[in-house]
Amino acid sequence: MWVLGLLTGWAGLNTAGLAAHVLALLAGAWTFVPGTLRRLVQGRGRGRLGVGLLMTIAALGAVLLGHFGEAAALAFLFSLAEALEDRSMDRAKQGLRALLALIPETARVSRPGGPQTIAAGEVRTEDVLLLGAGDKVATDGVILSGRSWMNTSAITGESIPVEVGPGDEVHAGSVNGSGSLALRATADGRDNSLTQIVRLVEQAHAAKGERARLADRIARPLVPVVLIVAALVALIGVLTGDPATWTERALVVLVAASPCALAIAVPVTVISSIGSASKLGVVIKSGAAFEQLGAIRTVALDKTGTLTRNEPRVVDVATSEGRSREEVLAAAAALESASAHPLAAAVLAATDAAVDADDVQEVPGYGITGSIHGRVIRVGSPRWISPGQFGNRTHEMASRGMSVVMVEEDSHVIGAVGIRDELRPEAAATVAALHAQGIRTVMLTGDNALTAHAIAAEAGIEEVHAEQLPADKAAYVRRLSEQAPTAMIGDGINDAPALASATVGIAMGATGTAAAVESADVAFTGTDLRQIPAALAHARRGHRIMTGNIVLALAIIVVLFPLALFGVLGLAAVVLVHEVAEVVVIANGMRAARTPGVGAQEPSSPVGQDLRETSTVGRPVA
């Protein structure tokens, strides 16, 4: 409608042009005036002021001067800026639904009359829950009887299950292995580990929602100054007996101070950068996230699935005298082929030998037994099968962050298999690149401390915080964010609160859970960690361009303001200068679309296996 008004005006159809400009003004104003007025009435303190208020006053001033075309131009430009900058911040809702979906709808509890199935939300503290193979835990509890392994990835993020038995604590959302368990509930069904994660994410997003945009932060001190000066100019007219001239000049001052270039400076740069970031495999969800991404000074990284592959693999095999690696792996694979344990997949992937086992039975929480050609085979944790002559070797494996699986034949240990979730080959190069940019790195993980330190040493990360629950991660990330702008990088449901609490949350999108991706501000569509320093460098460049645009926009206001105040420039000249400045700002902002070359480096080879820290882990990991 604005363009139509210009064309019809140039064609001499003044009435049609005026009507088109009025419609353009109304359409543009509808996108920001109601919100501006609502904030003015309902806001608190200086939060009521912003760039929208200044634009509203400037457009009103142009209307009062009879320049509907100029008013429509102001409304169009600002509504365009708003459309570019305003992105939905409600994406966390899908992630929250993904979190809540981990809690089963029902739970089986022990009652005096026998087991009874009730809604999970009706579980109360001290209820005794009965879990079968593959059941999800409805709420937090302590195991009373039975042994099994528990997949706790929803809480700790670790893909390798933990061994559980009487007295061990388990968390809501964990998935039971093959054993039968009875556990005493220590939390209500509606108030447990997972519901706490949901609350943490909601609170973090609410806090982020209160963060003012950059243009608004600049406009807040500008608005009262402009209004006061305009009022004083109009007052001069009353005192000098020439109210018409000075009132018009006051309105021109309002238009001169309108932050058109400022309003468009940030969105154009942001959209250019966000669009080009896709070439780096980066999805930036909002302008506010981009503004913060360019200022990151600390990066906190999750371990499993982020620094590591999240795919346990056989990395070492110890054999007794006269036995080969293939024999040990074949015997283990023959039994593990009947197991649902995640470590079984790693053993099966390590050998092509096809050996059939008979009488295979899983011993929950310990391992698995069977027979091959009449020989009794046991495969399981060092707690169940004594390492014997492999004691030193298994300790060495454990110290390098491996889960150890013992293989026994007719009561004689024939080998030990070391399984580990390997570091990504590019992880060390990525950390080194971040350090070269002056960015501090921290590892946060739910894994045990010794394994975490072993992986961190390989990656080149010195600061490690292990055995962290979701609330612990979120609290630590908040503390880091208070010290310096902090990005949290993760991929699991357990990372969701930390991602939402960080200055910028970055999810590894290709393999990340819905909860992690939706709770984050930025998502990587790939898994190449080297894109992280490239994306941060790209964001910093965009941030510099955006800063330059803001300086230019403010300089225009500083120059126009006194010229309009003293009557040197009229409304037409003021609007012309604004429009020229906007073209310059837009052209400069589009430079942010250029991205640095990526993929130049080949993945670095894994660092050697001699690690400084030790851990003791069995099958499953304790």
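The Cα center of the range 325-394 and the Cα center of the range 240-257 differ in position by 89 Å. Less than 5 angstrom separates the built amide H of V315 from those of G418, I419, R420, all sequence-distant by 5 or more or on a different chain. Placing unit charges on the Cβ atoms only, positive for Lys and Arg and negative for Asp and Glu, gives the range 305-417 a dipole magnitude near 460 debye about its Cα centre.
Taking a ≥ b ≥ c as the square roots of the eigenvalues of the Cα gyration tensor, the range 439-489 is classed as oblate, since a/c reaches at least 1.5 and a/b does not exceed b/c.
For Q437 and V580, the FRET efficiency from 1/(1 + (r/R0)^6), where r spans their Cβ atoms and R0 equals 35 Å, is about 0.45.
Values quoted throughout were computed directly from the atomic coordinates according to the rules given, and no laboratory measurement underlies them. None of these values were measured; they are calculated from a predicted model. Please note: Cβ atoms are built from the backbone with ideal geometry, for glycine as well, and neighbour counts cover all protein chains shown.
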